[in-house]
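Heads up, the thing below is written out as C-alpha cells.
The values are calculated or read from the model by the stated rules, or taken from the named source; none is laboratory data. Small disclaimer: the values here were computed from a predicted structure and weren't measured. With ideal geometry, Cβ positions are generated from the backbone for all residues, glycine too; neighbour counts draw on all protein chains shown.
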Amino acid sequence: MLFSSNLAGRKAGLVLVTAVVVTLAGCSGGEESVPLIKTSIKVQSITQQGNCEDVNVKVTPVAILPGAPKMSNSKEFVTPVKLTKGADGVSCTGDASTIPMAPGKWKFTANLPSENASCERDVAAAGQSTVAFKDAETGCS
C-alpha cells in the first residue's frame, strides 16, 4: 500500500513539473524574442527655490501600428524623470527610459515648472528614439 501511494505522489509531481516546463516553453521564442522598444526621455530645467523638482512625462498612444510584440504597452502611462542639480547650482537635468512601447505614434507631455510641453513622435520598431524637453519651451526635440 505504501508503494502505490508513493508512486501516485511521484506521478502527480511529474505531471506538475511537465505542466510548468510546457508553460515556460510557451513564454519564449516567437514574437517575444523581438526586441522591445523603449524611448529615452531627457529633461533640462532650472531649480525651483534652490531645488530640482522631478518631472512626470505622460505618454499617450495616438495611433498604434498592428503586430506589436506581446510584451509591449499600447496604453497611456507616466514615466517619472528624476532631476539632479548641475555643478552651476541652477540647472537641473535628468533622463529616464520608458516601459516597452508598441510601435506607432505617441504623444509625450512633460509637466515642466514654467509650463507643460508636448510633442508627438513616431516610435519605430527599429532604432532608438529620444525625446528631449527643455523648460520654457512648449515642444520637444
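In the set (1) modelled with pLDDT of 90 or more; (2) surrounded by fewer than 10 Cβ atoms within 10 Å (Cβ to Cβ), residue 73 fails one condition alone, (2). Considering 83, 112, 65, the condition of being farther than 15 Å from residue 39 by Cα, at pLDDT 95 or above and of a type outside the set (S, T, N, Q) is satisfied by 83 alone.
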